[in-house]
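Each remark here refers to the structure printed beneath this line.
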Amino acid sequence: MNNISTQTLHQSASKHWFIKMSLPLLFITAMVLAPFANASAISADASREQRDTVNRINAIQRDLTSIRQQTLQANPELITQSKELEAKFEQKAKEVGYEPDEFINKAQEIQELVKDSSLTEKERSELIKEFTAAKQKMAEQRQAIIADKELMTMQEQLQQDMMMAMQEQDPNTEKLVDELNRLIRTIQ
C-alpha cells in the first residue's frame, strides 16, 4: 500500500513519470502502468493462463481507477491535499535543480550522437561518460527530493487518506489492491 503515487495535470510527461513513480495520490494509475508494460510484453503465444492473468489485471486496474475517480469527486479535500503535495514537490524539485526534461533531451541527443559512425571510440566513450554523469546527477536530485522529510510526511498522509477514502467509497478496494499485487508478481 506504500506505493501510492500522484499524477498531475499541468506538468510535462517526464515530470508526470517521476511524480507517478515517487509520490502518492494516483497509486492506482502508477501501480497499474508498470503492470501494463509487463502485461504487454507477454507475447501472443503466451499461455492462456498468462493471458487470463493479464486480462484480470486490466479489469482490476479499471475498477480501481473508477473507485479512485469516484473517491476524488466525493472528497475534494483530497484534491486540495494532492495539489499542496504537488506544489511542495515542485518547490523541492526547483530547489535541487531537478530538470527531467533537460535530462531526457540530453539523453536523446547523446543517443543520436553515439550512432554516428564517424565517431572515434574515444569520442563515443566520452559521450557515454557524459550520459552516465547526467544520469547519476539526476538520481542524486531524485534522492534529495525523496529525502525531504516534510514532503514524505505529506505523501504518507495523502496515501493513508486516499486509501481510507477509497475503502469508504468501495469496501472491496483493499481486496482489489491485494489481488492486483499478487497477480503482478505472478507475471514478473
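The values are calculated or read from the model by the stated rules, or taken from the named source; none is laboratory data. Values in this document were obtained by computation on a predicted structure and should not be read as measured data. Using ideal geometry, Cβ is built from the backbone for each residue, glycine included, and neighbour counts are taken over all protein chains shown. To get the accessible areas, we keep the full protein, side chains included, count just its heavy atoms, and leave off ligands, DNA and RNA. Shrake-Rupley method; radii C 1.70, N 1.55, O 1.52, S 1.80 Å.
Need pairs with beta-carbon distance below 6 Å; first residue more than 10 Å from MET166 (Cβ to Cβ) and within the stretch 63-77, second assigned to a helix (DSSP H, G or I) and at pLDDT 95 or above; sequence gap 6+ or separate chains.
Close Cβ pairs satisfying both conditions: ASP63/LEU176.
Looking at GLN159, GLN167, GLN141, GLN188, which one is among the polar types (S, T, N, Q), open to solvent by less than 100 Å² (accessible area, probe 1.4 Å) and touching a residue at least 60 places away in the same chain (Cβ under 8 Å)?
From the options GLN159, GLN167, GLN141, GLN188, the qualifying one is GLN159.
Yes or no: THR132 closer than 29 Å to LEU64 by Cα and hydroxyl-bearing (Ser, Thr, Tyr)?
In short, no.
For (1) at pLDDT 90 or above; (2) closer than 30 Å to ASN75 by Cα; (3) surrounded by 15 or more Cβ atoms within 10 Å (Cβ to Cβ), each residue gets a yes or a no:
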| residue | (1), (2), (3) |
| --- | --- |
| VAL96 | yes, no, yes |
| LYS106 | no, no, yes |
| GLN111 | no, no, no |
| SER117 | no, no, no |
| SER125 | yes, no, no |
| ALA134 | yes, no, yes |
| ILE145 | yes, yes, yes |
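Could you check, for the stretch 84-91, whether at least one of its residues is touching a residue at least 24 places away in the same chain (Cβ under 8 Å) and in contact with a Phe, Trp or Tyr (Cβ under 9 Å, 6 or more places away or on another chain)?
Yes, the conditions are met somewhere in the stretch 84-91.
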